[in-house]
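The values are calculated or read from the model by the stated rules, or taken from the named source; none is laboratory data. Keep in mind that this is a model prediction, so the values were computed, not measured. All Cβ positions, glycine included, derive from the backbone under ideal geometry; neighbour counts span all protein chains shown.
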Amino acid sequence: MKKSTKILLSILGGTFFVISFIGMNIYGYKTFYIEEKVVSSNDYRYHFALVSEEIDNEYWRLIEQGAKEAAAEHNIYLEYVGPLKADNDQLLKLIDRMVSVKVDGIITQGVEGQRFVDLVRKSVERGIPIVTVDTDVKSSVRKAYVGTDNFYAGQLAGETVINNTAGEQYVGIVTGRFDAINQQERLEGFKEAIQATERIHIVGIHESNITQIGAAQATYSLLKKYPSITVLVGLSALDGIGMVEGLQEIAPNKEVYMTAFDILPETLELIRKGKINATIAQYPEEMGYKAIEVLIQLQQHSLLENEIFTRTIVVEKENYDTFLQGDNR
């Protein structure tokens with residue numbers, strides 16, 4: 001083989017390697033996001049990881065905010081990671097990665113299925129306690145759950161419909177994800193609340209995939225298929241905002257009673273304007289803050305109580321100002 005041919009092949013081989021390496025890194029970044037920092041373990045008491053359902057979801061950023069506050073107070077390094085888009089497979093891979101790098105504790109959302117149960121067991125067996133927030137998996141050996149009593153939250157949503165409507169009501173429900181345990185529990189709580197009220201009927205349930213545009217599309221589809229709908233109920237953080245958009249698109253003059261979930265700024269503004277009638281307020285910052293405190297306790301001893309429920313209330317226009325003046329952590 002000629003020397004010039006060998007040089008050309010070497011150049012081509014090197015170029016292919018560089019392109020492959022760059023592509024691999026880009027794919028990894030787009031699959032999930034990890035905040036990179038150079039940290040000396042000697043600078044902190046502990047290294048905890050918060051593995052979110054979706055990295056830039058506003059609700060999870062509020063959980064992060066509370067967790068960061070507690071971590072700063074206790075000299076703890078908190079690593080915040082998560083998929084770019086909600087994806088249980090990537091979420092589980094990130095938890096496994098945090099176990100592999102031997103963090104001192106993990107805060108994450110519970111995920112339905114045996115893979116999560118096995119991963120939690122693996123973590124705990126290696127001395128890394130896992131605390132679930134937002135969604136629990138009681139069948140796992142997680143050390144504690146910190147968050148909303150989701151069944152009760154669903155009951156509150158049902159009670160708002162019962163107490164603020166009269167006559168026959170036809171309900172369309174927008175849920176974040178059908179496979180999310182917290183959504184399932186909220187739906188069951190809602191059904192339990194309205195069970196004895198014969199005038200209230202659920203006519204359809206659509207999935208938003210925890211996105212605002214998804215909620216708008218779900219609302220549009222529900223109202224198109226069931227024009228008799230008089231009540232809309234959203235079960236995840238962005239559903240209320242999307243429901244308002246979807247209603248505006250398909251039936252801007254239609255009177256619909258609307259109950260949302262969570263207290264994102266946009267949701268609260270729609271409450272103030274009277275476009276959403278009520279929202280079920282969770283306290284994600286409180287969840288993050290308390291989850292850090294629980295992980296600190298678990299470094300020393302087991303807990304007597306492994307379910308720590310955070311506050312849940314109904315926010316309506318009538319108590320809007322009072323709510324804003326209160327302690328929301």
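Within region 65-89, residues that are touching a residue at least 24 places away in the same chain (Cβ under 8 Å) have Cβ atoms under 7 Å from residues that are aromatic (Phe, Trp, Tyr) and part of a loop (DSSP other than H, G, I, E, B) in these pairs: Asn75/Tyr44; Ile76/Tyr44; Tyr77/Tyr44, counting only partners at least 6 apart in sequence or on another chain.
Which strands (runs of 3 or more DSSP E) sit wholly inside region 110-224 and have at least 3 residues that are under 25 Å from Val314 (Cα atoms) and not aliphatic (A, V, I, L, M)?
Hits in region 110-224: 169-175, 200-207.
You will find that of Ile271, Ile296, Ile250, the residue that is in the same structural domain as Glu58 (by TED's automatic domain parsing) and touching a Phe, Trp or Tyr at 6+ places or on another chain (Cβ under 8 Å) is Ile296 and no other. The set of residues from region 153-167 being touching a residue at least 60 places away in the same chain (Cβ under 8 Å) and touching an Asp or Glu at 6+ places or on another chain (Cβ under 9 Å) comprises Ala153, Gly154, Thr160, Asn164. Within region 295-308, residues that are of a type in the set (A, V, I, L, M) sit with their Cβ atoms under 9 Å from residues that are in a helix (DSSP H, G or I) and surrounded by fewer than 18 Cβ atoms within 10 Å (Cβ to Cβ), at 6+ positions apart or across chains, in these pairs: Leu303/Gln297.
Output yes when any residue across region 159-175 is under 19 Å from the mean Cα position of the chain (by Cα) and either surrounded by fewer than 23 Cβ atoms within 10 Å (Cβ to Cβ) or farther than 23 Å from Pro284 by Cβ (or both), and no when none is. No, that holds for no residue.
Among residues of region 113-130 being within 17 Å of Asn88 (Cα to Cα) and touching a helix residue (DSSP H, G or I) at 6+ places or on another chain (Cβ under 7 Å), the one that is surrounded by the most Cβ atoms within 10 Å (Cβ to Cβ) is Ile130.
Do the conditions hold for Ile106, that is, is it in a strand (DSSP E or B), outside the structural domain of Gly214 (by TED's automatic domain parsing), surrounded by 20 or more Cβ atoms within 10 Å (Cβ to Cβ) and modelled with pLDDT of 90 or more?
Working: in a strand (DSSP E or B): yes; outside the structural domain of Gly214 (by TED's automatic domain parsing): yes; surrounded by 20 or more Cβ atoms within 10 Å (Cβ to Cβ): yes; modelled with pLDDT of 90 or more: yes.
Yes, satisfied.
Residues of region 62-91 that are modelled with pLDDT under 95 and in a helix (DSSP H, G or I): Leu62, Asn88.
The set of residues from region 289-329 being closer than 30 Å to Val161 by Cα and of a type in the set (Gly, Ala, Ser) comprises just one member, Gly326.
As a summary of the residue check, Ala237 satisfies the conditions (1) part of a loop (DSSP other than H, G, I, E, B); (2) more than 24 Å from the chain's Cα centre (by Cα) except for the one numbered (2). Within region 130-158, if we keep just the residues that are closer than 27 Å to Thr211 by Cβ and of a type in the set (S, T, N, Q), the residue that is farthest from the chain's Cα centre (by Cα) turns out to be Gln155. With a requirement of 3 or more residues that are touching a Lys or Arg at 6+ places or on another chain (Cβ under 9 Å), the strands (runs of 3 or more DSSP E) lying completely within region 241-329 that satisfy it span 278-281. If you go through region 184-239 and pick out every residue that is more than 26 Å from Trp60 (Cα to Cα) and either surrounded by fewer than 17 Cβ atoms within 10 Å (Cβ to Cβ) or of a type outside the set (Phe, Trp, Tyr) (or both), you end up with 25. Of all residues in region 291-317, those being among the charged types (D, E, K, R) and within 18 Å of Asn75 (Cβ to Cβ) number 1. Among the residues of region 302-315, is there at least one that is among the hydroxyl-bearing types (Ser, Thr, Tyr) and surrounded by 13 or more Cβ atoms within 10 Å (Cβ to Cβ)? Looking through region 302-315, at least one residue is among the hydroxyl-bearing types (Ser, Thr, Tyr) and surrounded by 13 or more Cβ atoms within 10 Å (Cβ to Cβ).
Take the conditions (1) modelled with pLDDT of 95 or more; (2) outside the structural domain of Leu91 (by TED's automatic domain parsing); (3) surrounded by fewer than 24 Cβ atoms within 10 Å (Cβ to Cβ); Ile181 misses just one of them, which is (1).
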